[in-house]
Amino acid sequence: MKTDYRMIENSGKHHGIINLMILGLCFMIITSCAAPLYFEKSEPPEISASIKPCRIAFINIFDYTWSEAVKSENQNVYRSAINEFAREMNRIGSSDSIYKFFVADTLFKGVPVQDQTLMLPADTVELLTTVFKADYLVTLDSISLYLMQDESDNSDEDGNSSGFGSFYLVSDFFLSLYDLSGNMVNRSEVSMTSGYGNRTAYSYFSGLLPSFSRASTQAGELGISAADEYADRFYPTVTQEERYVYTGGKLKEANSLIVREQWDKAEAILRKLASGKNTGIARKAEHNLSVLGEIRESVKATPGNQ
């Protein structure tokens with residue numbers, strides 16, 4: 001289960017960071033042999049920005065109007081994907097107090113076609129960040145859009161190709177992030193897919209296939225999803241983890257302290273039990289110590305607690 005970390009980080013506080021939910025047991029953990037313990041675990045963001053808060057300018061340098069790159073009848077599809085990506089980045093930036101994404105140009109033609117997938121010159125990045133008063137620059141270097149047929153839907157019961165099946169619209173966005181000095185901070189690929197009709201008996205025998213040139217609406221939707229996915233990479237990923245702890249007997253007091261987040265006291269009790277002569281209790285205490293250690297590390301990794 002993934003948590004939207006924008007709300008957490010922007011709040012400035014993370015109330016109930018660990019959320020030691022004991023599944024409505026409220027402390028049935030005390031009486032059973034083992035019980036589940038749930039807590040939130042944070043992984044660092046895929047893209048790390050050293051300046052926070054910051055302004056991040058978005059520029060599309062992929063020239064979809066160049067007929068050798070994109071056929072003229074398909075250019076509207078690319079335009080829709082790119083413009084909706086840009087519009088969503090603006091929307092995200094307008095409501096985010098940490099990463100202020102904004103659109104500087106949706107079709108910047110100042111980069112030669114042969115250089116669009118290469119690193120931008122440092123002086124070009126410095127000029128653009130200065131002009132747009134940005135701390136970082138995100139460039140859309142290239143985008144690939146195409147139709148794909150699902151092979152798993154294209155066979156009859158004997159495994160022979162039937163000619164029928166589902167089609168999907170696939171998008172691959174290639175983006176680069178630069179800092180003020182023109183250094184590349186990150187290069188990312190964001191891929192999105194959505195359903196785009198079926199090849200029916202009529203279309204099979206008539207030779208008709210879904211029209212790519214009419215996929216502007218679906219391409220725009222993929223652009224929105226891709227922008228959301230890209231922005232998410234600037235934030236930690238939070239998942240709800242489940243671990244089992246041994247309960248009952250001499251472990252009862254330590255477990256109660258863990259739930260109340262009195263971890264130093266819980267650790268002291270568990271370490272004493274782990275070094276005791278009762279090997280069975282010692283083994284269980286060692287296990288619970290390991291779980292407690294993981295919980296404490298997760299707290300340290302949570303924004304607002306470093």
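The values are calculated or read from the model by the stated rules, or taken from the named source; none is laboratory data. Everything quoted here is computed from the prediction, not taken from an experiment. Glycine also receives a Cβ, built like all others from the backbone with ideal geometry; neighbour counts cover every protein chain displayed.
Of all positions in the range 11-18, at least one carries a residue that is surrounded by fewer than 18 Cβ atoms within 10 Å (Cβ to Cβ), in a helix (DSSP H, G or I) and either at pLDDT below 50 or in contact with a Leu (Cβ under 6 Å, 6 or more places away or on another chain) (or both). Scanning the range 106-147 for residues that are over 25 Å from Ser48 (Cβ atoms) and among the charged types (D, E, K, R) gives Lys109, Asp115.
Listed here are the residues, each with its yes/no results for (1) more than 25 Å from Ser42 (Cα to Cα); (2) exposed (fewer than 13 other Cβ atoms within 10 Å of the Cβ).
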| position | (1), (2) |
| --- | --- |
| Gly220 | yes, no |
| Gly223 | yes, no |
| Phe234 | no, no |
| Lys250 | yes, no |
| Gly280 | yes, yes |
| His287 | no, no |
| Ile295 | no, no |
| Ser298 | no, no |
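With respect to the conditions (1) loosely packed, with under 14 Cβ neighbours inside 10 Å; (2) within 18 Å of Pro36 (Cβ to Cβ), Ser256 falls short on a single one, namely (1). Of the residues Arg87, Arg55, Arg91, the single one that is among the basic types (Lys, Arg), under 15 Å from Gly223 (Cα atoms) and touching a residue at least 40 places away in the same chain (Cβ under 8 Å) is Arg87.
Selection of the range 100-152 for residues being of a type in the set (Phe, Trp, Tyr) and under 18 Å from Asp63 (Cβ atoms) yields only Phe108.
Just to be sure before I move on: is Glu68 in a helix (DSSP H, G or I) and over 24 Å from the mean Cα position of the chain (by Cα) in the structure I sent? Taking the combined requirement at face value, the residue does not satisfy it.
With Ile51, Ile56 as the choices, which residue is modelled with pLDDT of 50 or more, among the β-branched types (Val, Ile, Thr) and touching a helix residue (DSSP H, G or I) at 6+ places or on another chain (Cβ under 8 Å)? Steps first, please.
Details: Ile51 fails: touching a helix residue (DSSP H, G or I) at 6+ places or on another chain (Cβ under 8 Å).
Exactly one of Ile51, Ile56 is modelled with pLDDT of 50 or more, among the β-branched types (Val, Ile, Thr) and touching a helix residue (DSSP H, G or I) at 6+ places or on another chain (Cβ under 8 Å), namely Ile56.
Checked against (1) closer than 21 Å to Arg187 by Cβ; (2) charged (D, E, K, R); (3) modelled with pLDDT of 95 or more, Arg79 passes all but condition (1).
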